[in-house]
1. Any chance you could count how many residues in region 138-182 are touching a residue at least 40 places away in the same chain (Cβ under 8 Å), under 17 Å from Val112 (Cα atoms) and among the hydrophobic types (A, V, I, L, M, F, W, C)?
2. Please state which one of Lys57, Lys42 is farther than 20 Å from Asp74 by Cα, of a type in the set (Lys, Arg), assigned by TED's automatic domain parsing to the domain that holds Gln84 and without any contact (Cβ under 8 Å) to a residue 12 or more places away in the chain.
3. Take Ile136 and tell me if it is within 18 Å of the chain's Cα centre (by Cα), at pLDDT below 95, outside the structural domain of Phe31 (by TED's automatic domain parsing) and farther than 30 Å from Leu48 by Cβ.
4. Restricting to region 128-182, name every residue that is among the acidic types (Asp, Glu), in a helix (DSSP H, G or I) and out of contact with any strand residue (DSSP E or B) (no Cβ under 9 Å at 6 or more places or on another chain).
5. Right, Val142: in the same structural domain as Gly171 (by TED's automatic domain parsing), of a type outside the set (Gly, Ala, Ser) and closer than 11 Å to Val160 by Cβ or not?
Amino acid sequence: MAELSTLARPYAKAAFDYAKEHNAINDWDNFLLIASNVVSDKEFVSLLSNPAISATKKASLLIDVYSSQSKIGDLKAFGNFASQLSEHDRLALLPEICIHYSKLKSQELKQVDAYVTSAYPLTDAQRKTLQERLAISTGAIVILHEEVNPDLLGGATIKVGDKFTDGSVRGKLKQLKTQLTV
């Protein structure tokens, strides 16, 4: 896993630098997301491992699939990027490149992802308050990803980056149990 990440990072950085320079950060994000989904498809994986298909043809097929799903962006630049990856047998890195690119995009746009799991769906007022408080504590724009898990009984858990806060009733009960058994 770490090896894939190490190999993908420079490609993600190059794509991000190009996208930033050409005011196409969202276009490249879209391209990388679709391309990573394509190369993760079982049929495309077998195509990638087929030595009878040239690197140029593999890149061309990827761009064809992308262009059939999206008409946004600079197909020539995407094609050049896909060709470079294909020539170095790196198309399979696209999912990892997409992850690193998304991190670079979030840093550039000063955004953080907050993963909230609550016992009940959040109301609009709760959502707004949570976003405001997290924005103050992180100094960034907060993008909420919500999930409902009735097993929490009440409250919520929040994960931002590597920080995890358990404000659920289930979590509080576990803490109480631990304190009482010590």
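The values are calculated or read from the model by the stated rules, or taken from the named source; none is laboratory data. Every value quoted in this text rests on a predicted model; they were computed, and no experiment measured them. Counting neighbours? That spans all protein chains shown, and the Cβs are built from the backbone with ideal geometry, glycine included.
1. So the first thing to find is which residues in region 138-182 are touching a residue at least 40 places away in the same chain (Cβ under 8 Å), and the list is 156-161, 168-169.
Now narrow it down to the ones that are under 17 Å from Val112 (Cα atoms): 157-161.
Still in the list and also among the hydrophobic types (A, V, I, L, M, F, W, C): 158, 160.
Qualifying residue count, region 138-182: 2.
2. Details: Lys57 fails: farther than 20 Å from Asp74 by Cα.
Only one candidate qualifies: Lys42.
3. Numbers: within 18 Å of the chain's Cα centre (by Cα): no; at pLDDT below 95: yes; outside the structural domain of Phe31 (by TED's automatic domain parsing): yes; farther than 30 Å from Leu48 by Cβ: yes.
When the stated conditions are applied, Ile136 does not pass them.
4. Initially, region 128-182 is screened for residues among the acidic types (Asp, Glu), giving 132, 146-147, 151, 162, 166.
Going one step further and asking which of them are in a helix (DSSP H, G or I), we end up with 132, 151.
Within region 128-182, Asp151 is the sole residue that qualifies.
5. Details: in the same structural domain as Gly171 (by TED's automatic domain parsing): yes; of a type outside the set (Gly, Ala, Ser): yes; closer than 11 Å to Val160 by Cβ: yes.
Answer is yes for this residue.
Results for (1) of a type outside the set (Lys, Arg); (2) surrounded by fewer than 18 Cβ atoms within 10 Å (Cβ to Cβ), shown as yes or no for each residue.
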site: Asn26; (1), (2): yes, yes
site: Asp29; (1), (2): yes, no
site: Leu33; (1), (2): yes, yes
site: Ser36; (1), (2): yes, no
site: Val45; (1), (2): yes, yes
site: Asn50; (1), (2): yes, yes
site: Ser54; (1), (2): yes, yes
site: Lys58; (1), (2): no, no
site: Ile63; (1), (2): yes, no
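Residue by residue, here is whether (1) under 25 Å from Asn23 (Cβ atoms); (2) without any contact (Cβ under 8 Å) to a residue 60 or more places away in the chain holds:
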| residue | (1), (2) |
| --- | --- |
| Gln69 | yes, yes |
| Glu87 | no, yes |
| Cys98 | yes, no |
| Lys110 | yes, yes |
| Asp113 | yes, yes |
| Arg127 | no, yes |
| Leu130 | no, yes |
| Ile136 | no, yes |
